[in-house]
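All remarks here apply to the structure that follows.
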Amino acid sequence: MGQSETESLFERLGGVYGIAAAVDDLVDRLYENETANQNPAVKEFHENYGKPGFKYLVTAWSIEHSGGPEVYPGRGMEEAHEELEVTEREFDVVRTEIKTTLYQVGVPEQEMNEFMEIIDEFQDEVVADKHRDESWEAAE
């Protein structure tokens, strides 16, 4: 069995330092993303809360959900995003920024796919019910 088969995703992403470097890039992208900031609640969040704290929370969340130590002190995804009224499109925009960041920092395909699966598992908790329903109806 190779070393990568026994290491957690957290370890394969470079541990705390690898994840923190990726999140540093990601959060800078999200604060500048015009599409994401078209949502008034997201724009207000970005204006009222500085990047350093958000970077810490996203880093801690990513560490914990990739198999690292339990360090995330924030709220659950549903509660944290409830007031933001996130749409399916906005989720996709952030998802794309996450994937772009993983490419940018050189995360191998297997690890990128594993991390994106984690992100996708939280889509229902992040997207507001009323927006999710509209998207489903539009698709039918």
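The values are calculated or read from the model by the stated rules, or taken from the named source; none is laboratory data. Just so it is clear, the model here is predicted, and its values are computed rather than measured. Positions of Cβ are backbone-derived with ideal geometry, glycine not excepted, and every protein chain shown enters the neighbour counts.
Please go through the range 94-108 and give me each residue that is assigned to a helix (DSSP H, G or I), of a type outside the set (S, T, N, Q) and surrounded by fewer than 18 Cβ atoms within 10 Å (Cβ to Cβ), ordered by number.
ARG95, LYS99, TYR103
Just need a number here: residues in the range 36-70 that are of a type outside the set (Lys, Arg) and within 19 Å of ILE119 (Cα to Cα).
18
Has the range 6-24 got at least one residue that is aromatic (Phe, Trp, Tyr) and part of a loop (DSSP other than H, G, I, E, B)?
Looking through the range 6-24, none of the residues is aromatic (Phe, Trp, Tyr) and part of a loop (DSSP other than H, G, I, E, B).
Yes or no: the range 68-77 includes at least one residue that is farther than 17 Å from ALA21 by Cβ, of a type in the set (Lys, Arg) and either out of contact with any strand residue (DSSP E or B) (no Cβ under 8 Å at 6 or more places or on another chain) or in a helix (DSSP H, G or I) (or both).
Taking every residue of the range 68-77 in turn, at least one turns out to be farther than 17 Å from ALA21 by Cβ, of a type in the set (Lys, Arg) and either out of contact with any strand residue (DSSP E or B) (no Cβ under 8 Å at 6 or more places or on another chain) or in a helix (DSSP H, G or I) (or both).
Can you pull out the residues in the range 83-93 that are more than 16 Å from VAL58 (Cα to Cα) and either hydrophobic (A, V, I, L, M, F, W, C) or crowded, with 16+ Cβ neighbours inside 10 Å (or both)?
Across the range 83-93, the qualifying residues are LEU84, GLU85, VAL86, THR87, GLU88, GLU90, VAL93.
For the range 48-65, state whether one or more residues are outside any helix (DSSP H, G or I), among the small types (Gly, Ala, Ser) and without any contact (Cβ under 8 Å) to a residue 40 or more places away in the chain.
Yes, the conditions are met somewhere in the range 48-65.
For the list (1) farther than 22 Å from GLN123 by Cβ; (2) within 17 Å of the chain's Cα centre (by Cα); (3) not hydrophobic (A, V, I, L, M, F, W, C), I need the number of the one condition that THR87 fails.
(1)
Which members of the range 45-69 meet the condition of being polar (S, T, N, Q) and either surrounded by fewer than 15 Cβ atoms within 10 Å (Cβ to Cβ) or modelled with pLDDT under 95 (or both)?
Matches in the range 45-69: ASN48 only.
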